[in-house]
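Step one of this worksheet: look at the structure below.
The values are calculated or read from the model by the stated rules, or taken from the named source; none is laboratory data. Not measured: the values here are computed from a predicted model. With ideal geometry, Cβ positions are generated from the backbone for all residues, glycine too; neighbour counts draw on all protein chains shown.
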């Protein structure tokens, strides 16, 4: 009988060697990824808020319950003038403008949350306009052996002339500028971007008055749907209503204009139910606290007065609520700081501009297929409507130059619940149903409104921004229904607003106040912050040389609640 074969000895594992090989592999992989693919960066400041957060705190509004992020970089970074940090002691609610306080550190108050941590893909293309990029600061790429990395949104490429006008970006390659000469020219510096500005402005306003019909002239930059939704900022979430205003029986922001509506609460309506064969309207008014044309002062109780008060009356009576235009107010910038004794507002308040680009969302419960619905947004002399009827949606522009722009089928062909979104931004109308965008091609685009003549301006529009009392104050947004329809979960947003870098004070009738032009030298980029009023960006320090570009920011990986792709 043959003896069984001796089994081979198992391979002896060298644990130490495997550990070393694993470490070497991981290190090489990380280095390869860092060198060629991605790298991680931390956002320190609020220049990209609220797309990306720097150091911040969250305030849960004591009145309406809305969660507001507040810039807290001043608690981490000392001021250049004093070398001291400052405690962020309170917030302004982004939704209802209530002033709330944070607990002191001795009372268990929150410390600032670290800024977003992002991954950057080290590749770029001409398709990246409007996307977020990371680069080394041209003026000082490195400070004390530490790289000075900035993060902004890419808006201009070399050879382009850019104009910021009333919050929007306009671009042309059709203007030839005389290049600076000399071997030591720093093309990124502001003086090499602000060239031929008078001629540029003349060309821009000529194109504006001609409806931007010149294909070689200025054209508005229209953001993609994804970027628009990333850059929107809340105006009013109707599910969050302030208890103190309800107790005062202050008029609600959303209210019925005509019969046919039943509401769940007279003082704080959130659900609006319609019946009947007439088209009946709901309208939004932007009631906010006013004192001396500003925000609430520190430690001031809120009151409501139904009288039509003059500015002098407001000064006498303290804080009142009145309807006004929707502005570029951003709660993130209006944290309250402590001087050791009392609360005071942040030192650099935002310059205030009217914002006419709005987005309206709601949930509609349709009782029968024959029901009709209208979502409407105002801007200046025009109102823009998305009319849902008979299984299609039509885009309509009313007022000066009014007409139907386009029509498309929708999935609203039977009774049911639908999530609707309507946007008017960058002179383009957009519609979503249940999160899916309706493709209108270029039919939903329109030319910006002409500059009103002197006699056509609203007398209250002292800065000549172009808003009207009838549309932008009395009804900046409306909803309508015919038949059995219920509206709920109403949210009104505004688009981000790009401001000119040089702000003027007081009242000005000069239309040039709202414009600023830049020429981007070849091989350079113009990068702007989303938090335009509080961003140190290309408007002030210049362009970014191509050699200093690090790549496109694509993903937030920390903190955990902020994880997601960057648009």
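Observations on the model:
- Annotation: residue 496 fulfils all but one of (1) modelled with pLDDT of 95 or more; (2) in contact with a strand residue (DSSP E or B) (Cβ under 6 Å, 6 or more places away or on another chain); (3) surrounded by 16 or more Cβ atoms within 10 Å (Cβ to Cβ); the unmet one is (2).
- Candidate set: region 180-197, residues that are at pLDDT below 85 and surrounded by 13 or more Cβ atoms within 10 Å (Cβ to Cβ); chosen: the one farthest from residue 547 (Cα to Cα): 195
- Count - residues of region 249-296 that are buried (at least 16 other Cβ atoms within 10 Å of the Cβ), part of a loop (DSSP other than H, G, I, E, B) and at pLDDT below 85: 3
- When region 387-431 is limited to residues that are part of a loop (DSSP other than H, G, I, E, B) and surrounded by 17 or more Cβ atoms within 10 Å (Cβ to Cβ), the one that is nearest to the chain's Cα centre (by Cα) turns out to be 426.
- Failed item in (1) at pLDDT 85 or above; (2) under 25 Å from residue 250 (Cβ atoms), with residue 374 passing the rest: (2)
To keep it simple, each residue is scored yes or no on (1) surrounded by 11 or more Cβ atoms within 10 Å (Cβ to Cβ); (2) under 24 Å from the mean Cα position of the chain (by Cα).
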position	(1), (2)
112	yes, yes
115	yes, yes
121	yes, yes
127	no, yes
136	yes, no
140	no, no
146	no, no
149	yes, yes
153	yes, yes
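- Scan region 504-533 for residues that are surrounded by fewer than 19 Cβ atoms within 10 Å (Cβ to Cβ), at pLDDT 90 or above and at negative phi and the total you get is 1.
Here is a yes/no grid of residues against (1) modelled with pLDDT of 95 or more; (2) closer than 25 Å to residue 229 by Cβ:
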| position | (1), (2) |
| --- | --- |
| 359 | yes, yes |
| 364 | yes, yes |
| 368 | no, no |
| 386 | yes, yes |
| 392 | yes, yes |
| 406 | yes, yes |
| 426 | yes, yes |
| 434 | yes, yes |
| 447 | no, yes |
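- Screening residue 226 with (1) closer than 24 Å to residue 522 by Cβ; (2) within 27 Å of the chain's Cα centre (by Cα); (3) in contact (Cβ under 8 Å) with a residue 40 or more places away in the chain gives one miss only, at (1).
- Residue list for region 48-76, restricted to those being part of a loop (DSSP other than H, G, I, E, B) and within 18 Å of residue 559 (Cα to Cα): 48, 49, 50, 51, 52, 53, 54, 55, 72, 76
- Criterion (buried (at least 16 other Cβ atoms within 10 Å of the Cβ), at pLDDT 95 or above and more than 15 Å from the chain's Cα centre (by Cα)) met by exactly one of 205, 218: 218
- Annotation note: of 501, 470, the sole residue that is assigned to a helix (DSSP H, G or I) and either at pLDDT 90 or above or closer than 30 Å to residue 43 by Cα (or both) is 470.
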